[in-house]
């Protein structure tokens, strides 16, 4: 066998050995691309028009974002203890150490989730937009069986004036009328916190204390 023939045989063997790896890579490429292109789960259908303005008696709802960082900050910082007891039920939020940078990061996060249609946070403003009376959050329920979870808070001054109950009643009607949900959870309101906490733990597979 001549040197030329031997070279041809070796080249053929090399090509045969390389082909399975190349074929495997090519076959894997579409699957990888499909995983990368898979869209994140949205809370509402893609064709649903998410409200960007809702008007109630003596207030309006607008999406939270960087433009509202000042009025939002002023609202929750005026009611730290009240919100820790009635809304977050934690000293984690709000707290006295929140900086301007922290507040802006929070607003940017809310705006990003709103744009991605994962959750929708609204500031409850006075009609002139100069003051925030509270906030409303429409998000995914951690408990199966609900299409969404809705939470809301108002400042201590607004709570004492009776606005909390009025806003809750209005929000229930607004969600029923404007949003595509059949069953909505209102933790701490239509569902007692103790009951809701138990449902969340059960959904996570945690063992409840005896």
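Rule-based calculations on the coordinates, nothing more; no lab input. Quick caveat: nothing in here was measured; it's all calculated off a predicted structure. Neighbour counts are summed over all protein chains in view; Cβ atoms, including those assigned to glycine, are modelled from backbone coordinates with ideal geometry.
Okay, here's what the table says:
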{"item": "Cα-based convex hull volume of the range 118-210 per residue, rounded to whole Å³", "result": "120"}
{"item": "The range 54-204 - Rg and Dmax from Cα coordinates, angstrom", "result": "15.0, 44"}
{"item": "Approximate spin-label separation residue 195-residue 112, in nm, with each point projected 7 Å along Cα-to-Cβ", "result": "3.6"}
{"item": "The range 79-158: equivalent-ellipsoid semi-axes (sqrt of 5 x gyration tensor eigenvalues, Cα, Å)", "result": "21, 16, 15"}
{"item": "Contact order relative to length of the range 54-204, as percent, for alpha carbon pairs under 8 angstrom and 6 or more apart", "result": "22"}
{"item": "The range 161-175 versus the range 45-66: alpha-carbon centroid distance in Å", "result": "15"}
{"item": "Taking the range 116-158 and dividing mean pair separation by its residue count, relative contact order in percent (alpha carbons under 8 Å, at least six apart)", "result": "32"}
